[in-house]
Amino acid sequence: MKRNFKNSLQFFQRFLGLNFDCKEQIEEEKKFITYPIIELENKKVGMEVMCRGEKIVMTPEQVLATFLKRAKTYFEKAEMMSKEIVIAVPSYASNTERQAWLDAAEIAGIKCIRLLNESTAICYNYGFFRKADLSEKDARTVAFVDFGHSKLTVTFAKFWQGKMNILFTKSDRNMGAR
């Protein structure tokens, strides 16, 4: 990004699963990017950049697939061999957006065995690392606030030793630090 900011595809995941019928959300996202968004067949979103002097257009799924392939090579270098992955997706993601994440994994040649809400993943992480602190009978209610770059998610969950129940999750896809 430092060497070629205008041709860096930042925030591409915000376009996953969107098409040009999602005008309001696309206009919101265009405020934060430096590359042109173009309409492809079937109203799909294309991202136009210059690469080695040539203009190319990529879909958000193709860009994510590139990142997933790169992540796969890091794990392989660490001798962690697997062709399966669990992907955490934003809680606000629609079925179409979730399918886009699955499509990206397929393009990357990785089998996604499950899509998990980010808020559920955070709760699993808490329950796993705090299991010794949790009671078998008395539930502990915990609030998780994920105030990120472009979104806000609030989740309330109850924990017992070896058990979890998510009580409430609310996300706002456009309320963040940006």
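The values are calculated or read from the model by the stated rules, or taken from the named source; none is laboratory data. Note that the coordinates shown come from a computational prediction; the quantities given were computed from them, not determined experimentally. Please note: Cβ atoms are built from the backbone with ideal geometry, for glycine as well, and neighbour counts cover all protein chains shown. Just so you know, the surface numbers come from the protein's heavy atoms only, side chains and all, with ligands and any DNA or RNA stripped out. Shrake-Rupley method; radii C 1.70, N 1.55, O 1.52, S 1.80 Å.
Some points to look at:
- Scope region 46-76; condition under 24 Å from the mean Cα position of the chain (by Cα) and of a type in the set (D, E, K, R); matching residues: 48, 61, 69, 70, 72, 76
- Across region 27-59, the number of residues qualifying as among the aliphatic types (A, V, I, L, M) and over 16 Å from residue 100 (Cα atoms) comes to 7.
- Test result for residue 45, in contact (Cβ under 8 Å) with a residue 12 or more places away in the chain, under 14 Å from residue 13 (Cα atoms) and surrounded by 13 or more Cβ atoms within 10 Å (Cβ to Cβ): yes
- Considered as a group, the residues in region 70-80 that are in a helix (DSSP H, G or I) and open to solvent by 100 Å² or more (accessible area, probe 1.4 Å) include one that is modelled with the highest pLDDT, and that residue is 70.
- Cβ pairs under 8 Å, 6+ apart, first in region 89-113 and over 20 Å from residue 74 (Cα atoms) and in contact (Cβ under 8 Å) with a residue 60 or more places away in the chain, second of a type in the set (Asp, Glu) and in a strand (DSSP E or B): 92/172
- The residues of region 133-162 that are under 26 Å from the mean Cα position of the chain (by Cα) and among the basic types (Lys, Arg), listed by number, are 151, 158.
- The residues in region 57-69 that are of a type in the set (A, V, I, L, M) and open to solvent by 50 Å² or more (accessible area, probe 1.4 Å) can be counted, and the count is 1.
- Taken together, 24, 29 contain a single residue that is open to solvent by less than 30 Å² (accessible area, probe 1.4 Å) and assigned to a helix (DSSP H, G or I), which is 29.
- Residue that is surrounded by the most Cβ atoms within 10 Å (Cβ to Cβ), among those in region 165-176 that are within 17 Å of the chain's Cα centre (by Cα) and not hydroxyl-bearing (Ser, Thr, Tyr): 173
- Look at (1) among the polar types (S, T, N, Q); (2) under 30 Å from residue 81 (Cα atoms); (3) in contact with a Leu (Cβ under 8 Å, 6 or more places away or on another chain) and you find that residue 119 fails only one, number (3).
- For the residues 127, 162, 148, the requirement of being among the small types (Gly, Ala, Ser) and surrounded by 15 or more Cβ atoms within 10 Å (Cβ to Cβ) singles out 127.
- Residues satisfying the stated conditions in region 31-47, i.e. modelled with pLDDT of 90 or more and either of a type outside the set (A, V, I, L, M, F, W, C) or under 22 Å from residue 90 (Cβ atoms) (or both): 37, 39, 43, 44, 45, 46, 47
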